[in-house]
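None of the figures in this text is laboratory data; all of them are computed from the coordinates on show. Everything quoted here is computed from the prediction, not taken from an experiment. Cβ atoms come from the backbone with ideal geometry, glycine included; neighbour counts cover every protein chain shown.
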Amino acid sequence: MARPSKNNADYFSHDADMRNDVKVKALRRRFSHKGYAVWCFMLEVLTDSDFFEVSFDEVNQELLAADFDVSVEELREIVEYCQKIGLLQSTQDGKVFSEAHQRRFSGLLTKRERDRERIARLAKEEKQLETKVIATEKSVSKSCRPDNSHSKVKETKVKESKIEKYPYQDIIAVWNSVCLSLPKVLKVTEARKQKMKCRFQEFGVKPDELKDFTMRLFQRVQASDFLTGRSTGKMGWCANFDWVFENPSNWVKVSEGNYDNNRGGGSINTAQKPVQAADGSQVQLGVGEYIDGSGRRTYGTGRADIPMTAAPRPSERYSWDAASNSWVML
């Protein structure tokens, strides 16, 4: 199967005098540094999105606001002002883009399309040549010996092609065992396999490393109050398995901690409710802590084993020290 077409970019050129553009100056005067920061964040998001445009529906507004560390109201106000002064534009189906930003990548997309056409043409020519060679071999020898080496090689390749490269079922089993607060996955569909395959290729993770990799990823999802809908006002939406693998951005942001609780450190969230342990007792968790699918109390990547009687983790700057049985500042 051919690799999916790439319709985004890994980086964009940031002009040294972008802050002095007359429109950007107006944005800075209106919203100060926060407006300029959100504008730069939007350029990064657009660069990473297919065809350099991003949906700006209600759910994505909340996700972008959480990522940019601003309120949804601030994000909407800044984006609307950017549209007013012409920094951003919108489509009829609710997507946001920048005409100037897209123009910079028009040449890149054109080159990629030419390269795809060239590769497809070469593949077709190679296939035609292979067909001619096989036809020539058949005409030379009409008899086919049982131990023919060509037949054995062909049979081996057919068998190998039927073996799936990625452990899709195992990965879904990890999701169902870790993300207990989120909807379970009941079926491995071809669409889900394709999305998972694309994401695995982007990250460059080897098939035998995927189970541990996704275990750490899903533990981070389960620990996030925002993604599980535990945070105030977010009960109407929560992440699911398909959201994690939907595009090249979502699971990168999860891996980089954009949805971690108390991102950037700080004091313990005293408003967090105690959770129930496997033995029925109530446990007060600290910053970034959670109970995993096996009933262990842990945090971060899930390697630490925290006693249920331990004090709550004070902040992201603390790590559990098993030797002293206490939290230690990093």
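From least to most packed, judged by other beta carbons within 10 angstrom and beginning with the fewest, Phe41, Phe68, Phe12 follow the order Phe12, Phe41, Phe68. Ranked by how many other Cβ atoms sit within 10 Å of their own Cβ, fewest first, the residues Arg192, Arg30 fall in the order Arg30, Arg192. Ordering Leu180, Phe203, Val252 by the projection of their Cα atoms onto the charge dipole of region 168-255, which places +1 on the Cβ of Lys and Arg and -1 on the Cβ of Asp and Glu, puts Leu180 at the extreme positive end.
Compute the convex hull volume of the Cα atoms of region 168-255, divide it by the residue count, and report the result per residue in Å³ as a whole number.
On the way: hull volume 7.8 nm³, N = 88.
Normalising the Cα hull of region 168-255 by residue number yields 89 Å³.
By definition, a body whose alpha carbon gyration tensor gives a ≥ b ≥ c is prolate when a/c is 1.5 or more and a/b is larger than b/c, and region 1-141 fits this prolate description. Ranked by how many other Cβ atoms sit within 10 Å of their own Cβ, fewest first, the residues Arg28, Arg121 fall in the order Arg121, Arg28. Legend: distances between Cα atoms for Lys124/Lys211; Lys111/Lys206; Lys6/Lys193; pairs beyond 26 Å are Lys124/Lys211; Lys111/Lys206.
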